[in-house]
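The values are calculated or read from the model by the stated rules, or taken from the named source; none is laboratory data. This structure is a prediction, so every number in the text was calculated from the model and none was measured. Neighbour counts run over all protein chains shown; Cβ positions are idealised from the backbone, glycine included. Please note that ligands, DNA and RNA were not included when accessible areas were found on the heavy atoms of the full protein model with its side chains. Shrake-Rupley method; radii C 1.70, N 1.55, O 1.52, S 1.80 Å.
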Amino acid sequence: MVMDVDMGRDGRQDTAELVHRPTRADILAGVRLRERRRRLHLVRWGLTGLFGTGAVLVVTSPESSAFSFVAAVFCAAWIWSIPHLQAHHALRTVAWQGEYRTSVGEAGIATETEHVTLVQRWSVFRGYHETRDHVVLLSRDPNILLVEVLPKRGLRSPQDGERLLALVGRHLPRV
């Protein structure tokens, strides 16, 4: 892994390391946070409600067809499931790389798999959000095209979790 490692004040290595394989839940956490930050969840729920209401109206209308009802229910379900479909697609894109070894340090985040090494400086990110199971970092670009998900299950100990949050908190604001 090509990354400078800074030493903390007490002389120990000031990094947090994670080892994990991506899961659909990891990616879904990032997709949902991105959706909330861009307020797309309001559009998604609005359209889901619109098609759901359409399905109810079709059922209550005396001159409706079964096709109209099925089409409205299908559209409502499809729109509601978009984050899950995105997570499934992203998982298929990255899962073949196997185990991810991530090092979070003062210089940024370095991730290595058997096939690729990626180094991201802190300047790439606008902020972070902590969930029960993840630390999610959002990119600085207007559309938040990049989402870095750090699953807490990949940490070796609770102390690594505290170190991870301290490192991220020193460089990025909580969003």
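What to note about this one:
- Taking all Cα pairs closer than 8 Å and separated by 6 or more residues, the relative contact order of the chain comes to 30 percent.
- Sequence-distant contacts, meaning Cα pairs under 8 Å at least 6 residues apart, place the relative contact order of region 76-149 at 15 percent.
- Most fluctuating residue given options 72, 107, 29, as computed from a GNM of the chain linking Cα atoms under 10 Å: 72
- MRE, 222 nm, helices only [DSSP H, n ≥ 4, -39500 (n - 2.57), over the chain, to nearest 500]: -14500 deg cm²/dmol
- Listed residues 91, 85, 137 arranged by accessible area, highest first, probe 1.4 Å: 85, 91, 137
- Just so you know, the averaged projected area of the alpha carbon convex hull for region 10-166 sits at 11.5 nm².
- A 1.4 Å probe run over the protein chains yields, for region 1-153, 60 Å² of accessible area per residue, whole-number rounding.
- Ranked by solvent-accessible area (1.4 Å probe, protein heavy atoms only, all chains present), the residues 74, 51, 67 order from largest to smallest as 67, 74, 51.
- Charge dipole (Cα centre; +1 on Lys/Arg Cβ, -1 on Asp/Glu Cβ; no other charges) of the chain amounts to roughly 440 debye.
- For region 72-158, alpha-carbon Rg relative to the globular expectation (2.2 N^0.38 Å, N residues): 1.29
- Solvent-accessible area, 1.4 Å probe, carbon plus sulfur percent, for the chain: 59
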